[in-house]
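One structure is given below, encoded as structure tokens.
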């Protein structure tokens with residue numbers, strides 16, 4: 001009876017008080033996260049950049065003005081400089097030493113960077129989560145596994161990656177696997193720490209006491225708690241990977257020519273720095289831009305997904 | 001305290017053993033024949049066999065590993081396959097150059113990073129703060145070798161202020177050190193900033209201000225020592241990894257250090273040199289970890305009881 005009266009009272013609320021009540025509407029976690037993300041202008045900029053890079057990488061074919069590997073004779077003349085006067089609009093960003101269109105190569109280079117970034121990080125994350133979760137649950141085995149991870153982390157990553165890539169003959173697949181092989185340890189350690197604390201949550205203990213098997217607990221209860229960490233570090237990881245891939249390609253240890261890659265373009269362009277600085281400038285800007293985008297987005301996600309806000 | 005130190009020491013011995021196992025496994029697994037590389041393309045089968053015997057490659061795996069381990073413990077990292085020299089002497093020869101670069105880079109990154117971080121923290125949310133943070137994000141995203149090339153172009157070519165790479169004194173080391181400094185300063189700026197902001201919120205600061213102490217005194221004697229702890233950790237780890245060889249910077253600037261040696265070795269498939277450098281660098285990292293951990297035990301006794 002009183003409930004009906006109460007609801008009647010609520011229904012008779014004046015408009016100004018309706019707004020006050022709306023803040024007691026329950027929002028799901030996802031909505032809260034989106035709300036914070038939306039208010040973070042910097043993260044949104046990052047997100048736009050990431051979107052741009054992804055779109056360019058996927059739609060390289062229609063977007064690129066020319067064939068990235070076609071060597072144009074006209075490119076080796078004055079038309080080869082970037083930002084040409086309006087009559088000669090063939091090569092907007094100039095051509096490289098072999099007469100190939102820089103703009104098209106930049107666009108296709110985004111594809112390589114993104115493919116390496118996504119695949120290498122996906123692989124590293126899968127292995128890292130697997131190892132981290134298992135280590136978090138075993139007691140002695142866990143300590144042993146983390147010792148192994150510590151050992152792997154003591155070896156300088158750049159040296160290890162370079163040595164591995166050169167020993168295994170550089171190619172796209174090798175680069176992806178090597179970057180994953182070097183990077184998974186960081187993720188494993190993060191996941192391990194997180195699993196150790198999540199393990200102690202009340203609802204996990206409750207599930208255990210009711211008799212839920214460990215495998216099900218891990219999959220249905222622990223892993224979802226790891227989701228914020230996974231999302232944030234996947235994004236930040238892609239930014240790091242794009243840089244590493246560019247560096248490896250610059251050293252000749254990345255995807256092999258003629259496949260366009262931003263680092264590879266800089267490697268070739270380095271020899272012509274005095275006469276054609278744009279050959280090094282533009283790909284470097286592309287890398288910086290892409291890395292910046294993923295970094296901003298990742299940091300924004302980290303703030304939005306901050307557990308202190310959600311609990 | 002002693003028990004803590006002993007525990008850590010045992011830990012690093014195990015870690016170093018583990019590193020040696022991993023490094024050895026990589027050497028063992030690689031799909032190339034060392035004997036052939038040493039012998040050269042025109043060597044006959046008998047020469048290759050004798051080289052193989054000399055290098056001890058015809059022994060079973062565990063024997064090879066034990067020989068490898070005993071030699072490594074004595075500081076003998078083997079002989080380079082391309083240059084007929086001891087790997088350890090090659091590394092030690094290049095160490096001063098890398099150390100020079102490492103220390104200069106560290107100095108610059110600390111100067112830039114810490115001052116900007118402090119500036120940011122003292123003016124939280126101001127325009128200066130936002131600019132510093134924006135700049136940090138930019139320099140974090142820039143690829144190191146590109147930054148180096150741009151600096152070379154601008155200050156070595158357009159404005160002929162600095163030489164175009166090579167080894168030498170202040171003039172030669174400035175641009176590479178600046179590149180390192182700009183690459184790593186953002187980490188310090190951000191970390192120092194958040195560390196300072198945390199200390200600013202502490203209770204003892206309110207007490208200090210209530211006592212009427214000079215702001216400068218408060219900052220130098222109370223805030224700084226507390227905020228500087230994570231900086232020391234980071235700087236220590238940076239130094240250790242730099243001394244293992246700053247490969248990219250050395251390549252871009254032609255700086256004859258350990259990193260350049262590693263690059264040449266990778267290019268020439270000179271495995272003993274590569275592995276020697278990896279072992280050396282890992283050793284530095286592990287030792288620095290130990291030093292930092294133990295120093296923390298003195299600074300903050302609570303860590304001993306873990």
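Of all residue pairs spaced 6 or more apart or on separate chains, those with beta-carbon atoms under 9 Å, a first member in the stretch A:137-162 that is away from chain B (no Cβ under 11 Å) and a second member that is in a helix (DSSP H, G or I) and loosely packed, with under 15 Cβ neighbours inside 10 Å are A:137/A:214; A:138/A:144; A:142/A:196.
Where helices (runs of 4 or more DSSP H) fall wholly inside the stretch B:119-230, the ranges with 3 or more residues that are in contact with a helix residue (DSSP H, G or I) (Cβ under 8 Å, 6 or more places away or on another chain), at pLDDT 90 or above and under 24 Å from residue A:247 (Cα atoms) are B:127-141, B:144-152, B:170-200. Restricting the stretch B:1-31 to residues that are more than 22 Å from the chain's Cα centre (by Cα) and under 17 Å from residue A:146 (Cα atoms) leaves a set whose member that is modelled with the highest pLDDT is B:10. Checking each residue in the stretch A:172-193 for being over 28 Å from residue A:302 (Cβ atoms) and within 14 Å of chain B (Cβ to nearest Cβ) picks out only A:174. Those helices (runs of 4 or more DSSP H) of the stretch A:194-311 in which 2 or more residues are within 14 Å of chain B (Cβ to nearest Cβ) occupy A:223-250, A:262-270, A:278-304. Here B:163, B:186 are screened, and the one residue that is within 20 Å of residue B:246 (Cα to Cα) and within 14 Å of chain A (Cβ to nearest Cβ) is B:186.
The set of residues in the stretch B:231-245 that are assigned to a helix (DSSP H, G or I) and on the phi > 0 side of the Ramachandran plot is empty.
Among the residues of the stretch A:239-248, are any surrounded by fewer than 24 Cβ atoms within 10 Å (Cβ to Cβ), more than 24 Å from residue A:174 (Cβ to Cβ), touching a residue at least 12 places away in the same chain (Cβ under 8 Å) and touching a helix residue (DSSP H, G or I) at 6+ places or on another chain (Cβ under 9 Å)? For the stretch A:239-248, residues surrounded by fewer than 24 Cβ atoms within 10 Å (Cβ to Cβ), more than 24 Å from residue A:174 (Cβ to Cβ), touching a residue at least 12 places away in the same chain (Cβ under 8 Å) and touching a helix residue (DSSP H, G or I) at 6+ places or on another chain (Cβ under 9 Å): absent.
Of all residues in the stretch B:12-25, those satisfying the criterion of being more than 7 Å from chain A (Cβ to nearest Cβ) and within 23 Å of residue B:80 (Cα to Cα) are B:16, B:17, B:20, B:21, B:23, B:24, B:25. Taking the stretch B:138-151 as the range and being surrounded by fewer than 21 Cβ atoms within 10 Å (Cβ to Cβ), farther than 21 Å from residue B:189 by Cα and within 8 Å of another protein chain (Cβ to nearest Cβ) as the test, only B:150 passes.
Of all the listed residues (A:117, A:99, A:109), the sole one being within 14 Å of chain B (Cβ to nearest Cβ) and under 30 Å from residue A:275 (Cα atoms) is A:109. Filtering the stretch A:111-136 to residues that are more than 13 Å from the chain's Cα centre (by Cα) and buried (at least 17 other Cβ atoms within 10 Å of the Cβ) leaves A:111, A:112, A:127, A:128, A:129, A:131, A:132, A:133, A:134, A:135, A:136.
The values are calculated or read from the model by the stated rules, or taken from the named source; none is laboratory data. Since the structure is predicted, the reported quantities are computational estimates derived from the model, not experimental observations. With ideal geometry, Cβ positions are generated from the backbone for all residues, glycine too; neighbour counts draw on all protein chains shown.
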